[in-house]
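J.: My questions will all concern the structure given below.
The values are calculated or read from the model by the stated rules, or taken from the named source; none is laboratory data. Here the structure is a predicted model, which means the values were calculated and not measured. In this analysis, Cβ positions are derived from the backbone assuming ideal geometry, glycine residues included, and neighbour counts consider all displayed protein chains.
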Amino acid sequence: MRIPLAGLLGLCAALALGMGSAGAAADTPRQGSLNEIYATLATKKFVDLTHAFGPTTPHWKGFGEMKIRNLYTIDKAGFQVDEFCHVGQWGTHVDPPAHFHKGLKSVDQIDPKDMLMPLVILDVHDKVARNPDYVVSLDDVKAWEGRHGRIPEHAFVAMRTDWAKKWPDDAAMQNRDKAGVAHYPGWSMPVLQLLYEQRGIAASGHETTDTDPGTATTKDDYTLESWLLGTNHYQIEMLANLDQVPESGALVMVSFPKPEHGSGFPARVVAILP
């Protein structure tokens, strides 16, 4: 049946008016669905993937120590205020792209949508136990995807090495030999390229102090970290409790303060288990 243009426009207008109340009603389930999602999430187990930090926190060799100064106390002033002085990259922390690259995202420019993600755990802790210099491989990713399917887009991928169990012993975290060479695990370029360029992940993280393995950072080689941040994505360093999270099916919430033009800051990272 052929309808004149004027009649068609009139029909569309009538349908639009008629759907107004239905559309409003349809909004209710959508709004309610967030409450339903929250009610579901509230029944789940939350796992803190964050180390508490303080003056003895393990840190990169080029940083000084953290200082805490008490300004006011409850006994004398009726309230407690402490002044904390430390670098941005302290404890479990976020490294934004601006940490290595001018003009890329600083901490305050990270999209909040990139702070709630599916959580993927690449578990290589058994291999690291045998070889502390182990770097994650494409075979590790292939094995994960063989068990769980393709790594989801916009995921947060964390490498589990159980290196966090050495916390807060800085010497154990660095694991230096007699020649001063650090021996701790790291990422590899093929895996990072696959994750960011082909799988489209949002961010990644690890338990060690660096993206690059210790044998590289001993020579001040941060090629992997520079490449990763150069993709304009962020990473989280010095994660904790990855041994308490399943390889697949969890969510992760990543939060941190919003320093203007910030090149890094301590973060709070929490997993929600399925």
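J.: Select from segment 194-253 the residues that are among the β-branched types (V, I, T) and not in a loop (DSSP other than H, G, I, E, B) and write down the one among them that is farthest from W60 (Cα to Cα). Write out each step before concluding.
T.: So the first thing to find is which residues in segment 194-253 are among the β-branched types (V, I, T), and the list is 201, 208-209, 211, 215, 217-218, 223, 231, 236, 245, 252.
Next, from what is left, pick out any that are not in a loop (DSSP other than H, G, I, E, B): 215, 217, 223, 236, 252.
Numbers: T215: 14, T217: 10, T223: 16, I236: 14, V252: 25 Å.
Among those residues, the one meeting the criterion is V252.
J.: Another question, then. Whether any residue in segment 142-149 is under 16 Å from V124 (Cα atoms) and basic (K, R) is what I want to check.
T.: The answer is yes; a qualifying residue exists.
J.: Related question: Among the residues of segment 244-274 satisfying the criterion of being among the charged types (D, E, K, R) and touching a helix residue (DSSP H, G or I) at 6+ places or on another chain (Cβ under 7 Å), which is farthest from H101 (Cα to Cα)? Working first, answer last.
T.: Applying the first criterion (among the charged types (D, E, K, R)) to segment 244-274 yields 247, 258, 260, 268.
Those still in the list that are touching a helix residue (DSSP H, G or I) at 6+ places or on another chain (Cβ under 7 Å) too: 247, 258, 260.
Numbers: E247: 32, K258: 18, E260: 16 Å.
Among those residues, the one meeting the criterion is E247.
J.: Taking R199 as meeting all but one of (1) closer than 23 Å to H93 by Cα; (2) charged (D, E, K, R); (3) surrounded by fewer than 19 Cβ atoms within 10 Å (Cβ to Cβ); (4) without any contact (Cβ under 8 Å) to a residue 60 or more places away in the chain, write down the number of the exception.
T.: (1)
J.: Do the conditions hold for E225, that is, is it surrounded by 15 or more Cβ atoms within 10 Å (Cβ to Cβ), among the acidic types (D, E) and either without any contact (Cβ under 8 Å) to a residue 24 or more places away in the chain or over 27 Å from K102 (Cβ atoms) (or both)?
T.: no
J.: A follow-up question, please. Looking at A52, A22 in this structure, which one is under 30 Å from M238 (Cα atoms), of a type in the set (A, V, I, L, M, F, W, C) and either surrounded by 10 or more Cβ atoms within 10 Å (Cβ to Cβ) or at pLDDT below 50 (or both)?
T.: On the way: A22 fails: under 30 Å from M238 (Cα atoms).
When all the criteria are applied, what remains is A52.
J.: Considering only segment 175-196, how many residues are in contact with a Phe, Trp or Tyr (Cβ under 7 Å, 6 or more places away or on another chain) and touching a residue at least 40 places away in the same chain (Cβ under 8 Å)?
T.: Looking only at that region, the number is 3.
J.: When you scan segment 78-176 for strands (runs of 3 or more DSSP E) that lie fully inside it, which ones turn up with 1 or more residues that are exposed (fewer than 13 other Cβ atoms within 10 Å of the Cβ), over 21 Å from the mean Cα position of the chain (by Cα) and not acidic (D, E)? Explain how you work it out, then say what you get.
T.: Values: elements: 81-85, 93-95, 116-123, 156-160.
Output list reads 81-85.
J.: In segment 254-274, what residues are in a loop (DSSP other than H, G, I, E, B) and either closer than 21 Å to R150 by Cβ or of a type outside the set (S, T, N, Q) (or both)?
T.: Filtering segment 254-274 down to residues in a loop (DSSP other than H, G, I, E, B) leaves 256-264, 267, 273-274.
Residues satisfying the conditions are F256, P257, K258, P259, E260, H261, G262, G264, A267, L273, P274.
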